[in-house]
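Where a number appears in this text, it was derived from the coordinates with a stated rule and is not lab data. All of these numbers come straight from a predicted model, not from anything done at the bench. Here the Cβ is made from the backbone with ideal geometry for all residues, glycine too, and neighbour counts use every protein chain on show.
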Amino acid sequence: MKKIAILASGNGSNAEEIIKHFSSSQKAEVNIIASNKKEAYVLERAKNHNITHFAFTRQEMDAGVLEDTFVQRKIDLVVLAGFLLKIPEGLIKAYPEKIINVHPALLPKHGGKGMYGMKVHQAVKDRGDKETGITIHYVNEKYDDGRIIFQESVAVEEGDDAVQIANKVHALEYKYFPKVIESLL
Ligand SMILES: Nc1nc2c(c(=O)[nH]1)N[C@@H](CN(C=O)c1ccc(C(=O)N[C@@H](CCC(=O)O)C(=O)O)cc1)CN2
Ligand SMILES: NCC(=O)N[C@@H]1O[C@H](COP(=O)([O-])[O-])[C@@H](O)[C@H]1O
């Protein structure tokens, strides 16, 4: 049974879709969920699904709590699902090409420091892009710079506001992220 760890900083709707996708799988399980925000709703979702979960501070992350925990639990794949801190070198070294992230745009467009959540969708709107989408990529030491694994696009229509764009992107995430994760295990 392959073991998945999820890192998230907020609501956790992607985490929930991943949990549901693997809930009856013989191949893999969501083994642990962790957040840098003790009040993040993703931790409530983990609790509701009886999945081990914990909160950590930036200092604890920089001291190696994530790689220590994940190596001890024999985690096979680390999944970033709305995680908003930079993954430190220690975790990347411990999990080379084993940390993946979903970005809510078609990288290299609208990526990098400061580009997360609604900020991304507002940028798509402000730029007047005719399409947006999702990018699933390996995580390296820079933001949104790792090797791209998968992209899917969706049209941005004239009257779409940032929230409507976000909803379209979320639909793509829920449809494809769990399947791409499964394909990597
Ligand atoms: N080493 C890496 N760490 C992370 C990556 C990555 O590619 N390499 N991806 C991000 C996820 N992400 C985009 O997909 C992303 C998340 C957050 C930011 C950002 O600018 N964060 C702010 C802090 C926000 C906060 O504390 O609430 C910042 O760094 O100032 C950019 C991109 C996850 N980690
Ligand atoms: N740059 C990183 C970034 O913006 N990630 C985005 O945060 C959202 C988290 O939603 P969720 O907590 O409901 O899954 C997702 O749309 C994800 O693509």
For the stretch 1-96, averaging the sequence separation of alpha carbon pairs under 8 Å that lie six or more residues apart and dividing by its residue count, the contact order in percent is 37 percent
GluC sites (Glu not before Pro) in the stretch 13-80 lying in a DSSP loop, each with at most 16 other Cβ atoms within 10 Å of its Cβ, come to E39
From the cross-link list K27/K109; K27/K130; K38/K93; K3/K113; K37/K142, the entries with a Cα-Cα span beyond 32 Å are K27/K109; K27/K130
Excluding residues fewer than 8 positions from K47 in its own chain, the aspartates and glutamates with Cα under 12 Å of it are E16
Check: C-alpha center the stretch 106-185 vs C-alpha center the stretch 3-53, spacing in Å is 20 Å
The answer for GluC sites (Glu not before Pro) in the stretch 109-163 that fall in a DSSP coil and have at most 13 neighbouring Cβ atoms within 10 Å is E141, E157, E158
Yeah, the stretch 1-96 with a ≥ b ≥ c from its alpha-carbon gyration tensor (a/c under 1.5 is rounded, else prolate when a/b outruns b/c, oblate otherwise) is oblate
Relative contact order of the chain (C-alpha contacts under 8 Å, at least 6 apart) in percent is 20 percent
Gyration tensor on Cα atoms of the stretch 102-185, a ≥ b ≥ c root eigenvalues, a/c under 1.5 rounded, else prolate if a/b beats b/c, else oblate, says oblate
Spelling it out for E152: with amide H atoms placed in the peptide plane at 1.01 Å from N, the residues 5 or more places away or on another chain with amide H under 5 Å from its amide H are I134
Restricting to Cα pairs under 8 Å and 6 or more apart, the percent relative contact order of the stretch 102-185 works out to 32 percent
Kirkwood Rh for the chain from C-alpha pairs, in Å, is 16.6 Å
